[in-house]
């Protein structure tokens, strides 16, 4: 009879990310090798000491990562070539950042040229409110307000409306949420917040002084930094 790894109870109840990360570690360590059938939902609930909902959410995340797939009524570890990782979440992240670069860099340039004195002052004030170590939820809320404030200052209502759809895509993205909320990525998220705090101030200050090139370059550099962290450092 084939033995399988056993999983101990987890400490908290809202634990789908922890379950996912534990299963992912077992897959990557070889405890659950390619082609192996995943333990049944019931067995996983018993092992982890959680309700079915948490296990189902964890399994769906592993499917999204391309690490397991369904055969019949059971899930199996995906057989992958060595060194090849399929992560549809990161493909979506790349798409969204491509859209952001196309639009946000131009918006920052226009804002530096067209923003009113009041809008420039408010943007600097908004940027100064960011602090390193702020909770992720607070950061994401303030981040959206900051970027939307730049869009409002660009003097082009049509471009502002278009950018609103991009922001909606970013902040409603399940791919973004699962990467940022994972306990495995906690340090990378803290670094992103710290980098963004400084980047937002550079963007706001460039817009404040009417430096179109500086605003555009700062906006592009900021997007590149965040994208790199999400693609290269988060799992």
*How do 165, 208 line up, fewest other C-beta atoms within 10 Å first?*
165, 208
*Between 152, 74, 89, which gets the highest mean-square fluctuation from a Gaussian network model of the chain, Cα cutoff 10 Å?*
74
*In nm, spacing of pseudo-spin labels at residue 190 and residue 102 (7 Å Cα→C-beta vector)*: 3.7
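Using the 10 angstrom Cβ neighbour count as an exposure proxy, how do 47, 138 rank, fewest first?
Working: 47 19, 138 13.
Fewest to most other Cβ atoms nearby, the residues stand as 138, 47.
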*Rounded to the nearest 0.05, what FRET efficiency do residue 76 and residue 172 have when you use their Cβ-Cβ distance and R0 = 22 Å?*
0.10
*How far apart, in nm, are the 7 Å Cα→Cβ label points at residue 181 and residue 220?*
3.5
*What FRET efficiency, computed as 1/(1 + (r/R0)^6) with R0 = 30 Å and r the Cβ-Cβ distance, is obtained for residue 25 and residue 137, rounded to the nearest 0.05?*
0.70
*In what sequence do 203, 231, 71, 27 fall when counting other Cβ within 10 Å, fewest first?*
71, 231, 27, 203
*To the nearest 10 degrees, how steeply does helix 117-128 sit against the main Cα axis of the chain, on a 0 to 90 scale?*
30
*the chain, relative contact order in percent, only Cα pairs under 8 angstrom and at least six apart counted*: 23
*Take the alpha carbon atoms of the range 178-197, find their center, do the same for the range 125-144, and report the distance between the two centers in whole angstrom.*
13
*asked:* Below 8 Å between Cα atoms, with a sequence gap of 6+, how large is the relative contact order for the range 16-77 in percent?
replied: 44
*Pop the C-beta distance of residue 41 and residue 122 into the FRET formula with R0 = 35 Å and round what comes out to the nearest 0.05.*
0.10
*Per-residue [θ]222 nm for the chain (sum of -39500 (n - 2.57) over DSSP H runs n ≥ 4, rounded to 500)*: -21500 deg cm²/dmol
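Read the figures in this text as sums done on the coordinates, not as results from a lab. It should be emphasised that the depicted structure is a prediction, and the values quoted were computed from it without experimental measurement. Don't worry about glycine lacking a Cβ; one is built from the backbone with ideal geometry, like all the others, and counts go over all protein chains shown.
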